[in-house]
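Single-structure report; data block below.
The values are calculated or read from the model by the stated rules, or taken from the named source; none is laboratory data. This one's a predicted model, so the numbers in the text were calculated from it and none came from an experiment. Glycine gets a Cβ as well: all are built from the backbone with ideal geometry, and neighbour counts include every protein chain shown.
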Amino acid sequence: MGGMFIFTSKCPPVGTQVEMEFVIPAFDHITRQVRFLCKGQVTRVETCYGVAGFAVAGSIEGGQLGGGIEEVAAGFVARQ
């Protein structure tokens, strides 16, 4: 809930401020797509066996459903 890890071939340097938007498409338990925005700072960059990625510490805000990521996750768990 306090950030994310992104797998990518090119990583920004530690300390870089980033803003990323991502979409979870609709599926059986969530009937509409959900858009999230993560704003934060790159805290680490890792490479292992040719796979690279970076960690972002920050906040994730929910979009399309009108609530935060906690509300979306709680709604998904309740439907299980």
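For the range 19-44, give me each residue that is hydrophobic (A, V, I, L, M, F, W, C), touching a Cys at 6+ places or on another chain (Cβ under 8 Å) and surrounded by fewer than 15 Cβ atoms within 10 Å (Cβ to Cβ). If you could, list the steps in order and put the result at the bottom.
Step one: filter the range 19-44 for residues hydrophobic (A, V, I, L, M, F, W, C), giving 20, 22-24, 26-27, 30, 34, 36-38, 42.
Right, trim to touching a Cys at 6+ places or on another chain (Cβ under 8 Å) and you get 20, 22, 42.
Within the range 19-44, Met20, Phe22 qualify.
Checking Thr43 against (1) modelled with pLDDT of 90 or more; (2) farther than 14 Å from Gly53 by Cα; (3) of a type in the set (Val, Ile, Thr): exactly one of these is not met. Which one?
Looking at each condition in turn, Thr43 falls short on (2).
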